[in-house]
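So the structure is just underneath, and the comments pick up after that.
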Amino acid sequence: MNSSFIDHLALNRRELLAGSLAFGVAGLAAKGTVPVATAATPGSPDYLDPAFNLYAFGKIWSSYEEPCIGAFHGLMYVRMPGKRMIPVFGYTGTGVLLSKIDENGDLWVKSRETGYFTDLETGDILETWDNPFTGKTVEVFHFYNDVLVGKIGKEIPKFFMGEAGDTPTLMNEGTVFPDKDGRYPFVLPFQQYGDDLMMSWDYTHEHTNPVRPEGWPRSSTGPRITPSEHFTFQVNKYELEDRDLNTCRMTAGFSRLSECWPFMEMGGTKFADVTLFGRMHSHKGLRAYDDVPPKVLAYIEKHAPDYLALPKHWNIGNKRVDTWKTYALDVPPENPDYEWSPSDFVVPSGKGSLRVLGRAN
């Protein structure tokens, strides 16, 4: 979620080419990272089959036939070298999700996502934040990732972020390994304990910062950024394997590391190089909106009700997949001489929603 979750499933044509890999299954089994059945027994799925893993991922992350809505919520901390971490705000949001398997066996995922920052004590969504490090009050940028649609084939994807010359990121580096031909199958690192299945999903990016220092000297922490997100899913094995169920109950730990968000305005200060850490819960699979924190649901119903539903189309697109990029699209530069063209996206709330073209908020 912003993340968060589905952001990085949506590949455009450039990313699909950059991340092109071949098929295979032997490497993961050889490393012994799947302590479930290594071959299908009668009536049970084969956890080394990329086709089953695609089906399973779509069901864990999302839902088939009918959309589901999930949520995440937790805390974010600032860490300075040699000092204890300091909690700064809550982090919460939603994702409306739908999956399908096409005639070629590829997995499609469609989503709409929100991300908000909350007061540590009340849980209220913040419109401004008092930065304890700089002493400034800043306007908070809300994340609205509109209709993301992506496709995954029978291979572990690489995701391209940033600009030409930046290196694509291999998903699940550290738990996926090449086969004898150097190919990576889409086989996930499932682990079974009793009836529980556990699975991780990680990415660790390094790429050019779209919020450039020359355009946004206060918002930019520097020319490059290194966001990473890490998920640890838990589902019931029998719910996952039951093809009569469109989805399964999923709970997950969700953590992320990065430079400070642009809206924190740490650029040009001695705090520009600190680390922002988040630890969140993530979950989906309850009926209707039961997974969504009540204050978040009320805020979305008031400010962005479209983000509680999905359109019917499946047109591949991911223009707002990168939250730093969306900031650079939605928030006018702080340097009035920096060349910039606004996007046509209407920001429902938060920083960038009441912009005056050509002037910073």
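Listed by position, the strands (runs of 3 or more DSSP E) contained in region 66-179 that have at least 3 residues being at pLDDT below 95 and either touching a Lys or Arg at 6+ places or on another chain (Cβ under 8 Å) or buried (at least 23 other Cβ atoms within 10 Å of the Cβ) (or both) are 143-152.
Residues are listed down the side, and each one gets a yes or a no for (1) part of a loop (DSSP other than H, G, I, E, B); (2) in contact (Cβ under 8 Å) with a residue 40 or more places away in the chain:
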{"position": "GLY222", "(1), (2)": "yes, yes"}
{"position": "PHE231", "(1), (2)": "no, yes"}
{"position": "GLN234", "(1), (2)": "no, no"}
{"position": "THR247", "(1), (2)": "yes, yes"}
{"position": "GLY268", "(1), (2)": "yes, yes"}
{"position": "GLY278", "(1), (2)": "no, yes"}
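In region 299-321, the residues that are surrounded by 13 or more Cβ atoms within 10 Å (Cβ to Cβ) and of a type outside the set (Phe, Trp, Tyr) reach residues that are part of a loop (DSSP other than H, G, I, E, B) and at pLDDT 95 or above with C-beta atoms within less than 6 angstrom, at least six apart or across chains, in these pairs: HIS303/PRO348; HIS303/SER349; ALA304/PRO348; LEU310/PRO67. Please enumerate the residues belonging to region 109-154 that are among the β-branched types (Val, Ile, Thr) and over 22 Å from the mean Cα position of the chain (by Cα). THR122, THR128, THR134, THR137, VAL138, listed by residue number. Of the residues screened, VAL346 is not one that is at pLDDT below 95, buried (at least 16 other Cβ atoms within 10 Å of the Cβ), hydrophobic (A, V, I, L, M, F, W, C) and part of a loop (DSSP other than H, G, I, E, B). Taking the criterion of being part of a loop (DSSP other than H, G, I, E, B) and modelled with pLDDT of 95 or more, the residues of region 316-338 that qualify are VAL331, PRO332, PRO333, GLU334, ASN335, PRO336, ASP337, TYR338. Can you work out which of the residues in region 280-298 that are part of a loop (DSSP other than H, G, I, E, B) and not basic (Lys, Arg) is surrounded by the fewest Cβ atoms within 10 Å (Cβ to Cβ)? Among those residues, the one meeting the criterion is ALA288. For region 180-199, a tally of residues being at negative phi and in a loop (DSSP other than H, G, I, E, B) returns 10.
Within region 291-347, the set of residues being more than 23 Å from ALA71 (Cα to Cα), out of contact with any Phe, Trp or Tyr (no Cβ under 9 Å at 6 or more places or on another chain) and among the small types (Gly, Ala, Ser) comprises SER341, SER343. Going by what's in this entry, would MET80 be described as over 23 Å from ALA304 (Cα atoms) and in contact with a strand residue (DSSP E or B) (Cβ under 6 Å, 6 or more places away or on another chain)? When the stated conditions are applied, MET80 does not pass them. Could you please let me know if ASP202 is under 22 Å from the mean Cα position of the chain (by Cα), outside any loop (DSSP other than H, G, I, E, B) and free of Cβ contacts under 8 Å to residues at least 60 places away in the same chain? Judged against the criteria, ASP202 is a match. Flag set for LYS325, criterion: in contact (Cβ under 8 Å) with a residue 40 or more places away in the chain and under 18 Å from the mean Cα position of the chain (by Cα).
Evaluating TYR238 against the criteria (1) of a type in the set (Ser, Thr, Tyr); (2) without any contact (Cβ under 8 Å) to a residue 60 or more places away in the chain; (3) part of a strand (DSSP E or B) leaves one unmet condition, (3).
The values are calculated or read from the model by the stated rules, or taken from the named source; none is laboratory data. Computed from a predicted structure; not experimentally measured. Backbone-built Cβ (ideal geometry, glycine too); neighbour counts: all protein chains shown.
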